[in-house]
Amino acid sequence: MNKSELLRKIRRTPLLAKIDDVTGLSKVAKRRNDKALTREVAVKYYKEQDNACDTDMSPVCIAMFDGRVNQGGLCDRLWGAVSTYLYCKDNGIPFKLSFVAPFQMTDYLIPALVDWKISEADICYDSKVSQPLVIKCIGFERDDDMSVIGKAFKNGIRQLHVYTNAHATRLRFHEGFGDLFKPSAVLGDAINDVIAKNGEDYVSISFRFVRLFGDFEDVNWPVLPDEKSREDMIRRGLAAIEKVKSLHPGKKVLVTTDSSTFLSRARQLDDVFVVEGDIKHVDFSDVGSATLPHLKTFLDLLLISRANHVYLGINDMVYRSTFAKTASQIGNRPFDMIEF
């Protein structure tokens with residue numbers, strides 16, 4: 001059992017979770033891991049350089065997504081960016097965002113109320129004036145402590161590069177996302193096209209089957225062994241969609257999932273609509289063959305954020321993704337889980 005599996009077991013066992021809350025063992029382990037990862041990144045990428053950077057540059061905190069640190073899926077990265085921004089906003093620290101891997105964020109989301117863009121030429125890796133800071137998410141609906149950002153700034157750093165997937169100030173995610181992001185022209189047009197065709201009065205349900213049907217490349221996850229077990233899982237998912245329809249008579253249902261197999265069946269139901277396009281995980285896809293390979297993912301996310309009510313289908317074999325809940329928080333919409 002690795003550390004992540006052990007932590008999941010602790011947090012899902014009420015007595016062990018209470019002991020952990022009192023002793024703070026998982027938080028201590030997380031801080032140690034963050035420090036070790038920070039040292040690793042610093043040694044590998046930050047060197048003392050002669051005349052490499054302007055030592056009189058204005059101090060700034062940069063949320064970094066450049067492929068150098070594992071920062072999870074799309075929603076984890078959005079949470080990291082928003083959590084860093086909100087801490088900076090509350091503490092008067094200038095904030096920028098560099099999201100350049102595995103794609104350019106500005107292809108999909110552009111600055112809204114805050115101009116967070118920074119060119120790669122303005123990012124300094126001279127260890128005399130810049131340093132990295134890794135803050136990993138502690139998980140399980142607990143707010144991460146972002147105060148290490150303020151402590152690092154007190155050390156006279158000019159550029160603090162924060163690598164994080166932290167989930168902090170959870171009740172303010174809607175605020176932070178709205179400050180930072182709005183759809184690019186291409187994404188905005190795509191959203192408007194779907195709304196024009198299906199209307200604005202809809203609910204949504206999402207499923208994260210991972211590799212159960214063998215049709216999605218992702219982390220290690222079991223594949224259902226035969227056609228019978230796959231068909232049974234599909235029928236259970238379709239029944240969950242019908243339940244959502246019964247809870248919201250007369251409304252259309254947006255269905256999102258990582259399985260093209262399930263999506264092809266769901267789109268055959270009455271009053272159901274889906275977003276067309278390739279389904280890709282941000283870290284498990286060949287991005288070179290399409291102009292905007294993750295357009296469907298962002299479309300799904302922002303369309304879910306506009307639904308009247310957001311649902312996530314769950315059972316003991318699927319992954320409890322944060323995608324639908326994150327979307328509901330972007331739009332400040334009600335969220336529930338449906339067992340299927």
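The values are calculated or read from the model by the stated rules, or taken from the named source; none is laboratory data. What you see is a predicted model; the values in this text were computed from it and never measured. We place every Cβ from the backbone using ideal geometry, glycine too, and count neighbours over all the protein chains shown. Just the protein is used for accessible areas: all its heavy atoms, side chains included, with ligands, DNA and RNA removed. Shrake-Rupley method; radii C 1.70, N 1.55, O 1.52, S 1.80 Å.
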If A52 passes every condition in (1) surrounded by 14 or more Cβ atoms within 10 Å (Cβ to Cβ); (2) in a helix (DSSP H, G or I); (3) over 21 Å from the mean Cα position of the chain (by Cα) but one, which one does it miss? (2)
Filter the range 310-340 down to residues that are open to solvent by 10 Å² or more (accessible area, probe 1.4 Å) and of a type in the set (S, T, Y), then give me how many there are. 4
Hits in the range 106-126 (condition: surrounded by 17 or more Cβ atoms within 10 Å (Cβ to Cβ) and in contact with a Gly (Cβ under 9 Å, 6 or more places away or on another chain)): none
Selected residue (criterion: most open to solvent (accessible area, probe 1.4 Å)) from residues of the range 257-274 that are of a type outside the set (A, V, I, L, M, F, W, C) and more than 26 Å from the chain's Cα centre (by Cα): Q268
Hits in the range 236-256 - residues which are open to solvent by 10 Å² or more (accessible area, probe 1.4 Å) and either under 17 Å from D201 (Cβ atoms) or touching a helix residue (DSSP H, G or I) at 6+ places or on another chain (Cβ under 9 Å) (or both): L238, K245, S246, L247, H248, P249, G250, K251, K252
Report, by residue number, each residue of the range 167-179 that is buried (at least 19 other Cβ atoms within 10 Å of the Cβ) and of a type in the set (G, A, S). A168, G176
List pairs: first in the range 49-60 and closer than 16 Å to E120 by Cα, second acidic (D, E) and open to solvent by less than 90 Å² (accessible area, probe 1.4 Å), Cβ under 9 Å, 6+ apart or cross-chain? A52/D126; C53/D126
When the range 301-323 is examined, which residues are found to be under 14 Å from the mean Cα position of the chain (by Cα) and free of Cβ contacts under 8 Å to residues at least 60 places away in the same chain? S305
Subset tally (residues that are assigned to a helix (DSSP H, G or I) and either open to solvent by less than 50 Å² (accessible area, probe 1.4 Å) or without any contact (Cβ under 8 Å) to a residue 12 or more places away in the chain (or both)) for the range 91-105: 1
Inspect the range 195-207 for any residue being open to solvent by less than 80 Å² (accessible area, probe 1.4 Å), closer than 21 Å to L302 by Cα and in a helix (DSSP H, G or I) and give the result as yes or no. yes
Could you tell me whether any residue of the range 151-166 is open to solvent by 10 Å² or more (accessible area, probe 1.4 Å), farther than 17 Å from C61 by Cβ, of a type outside the set (A, V, I, L, M) and assigned to a loop (DSSP other than H, G, I, E, B)? no
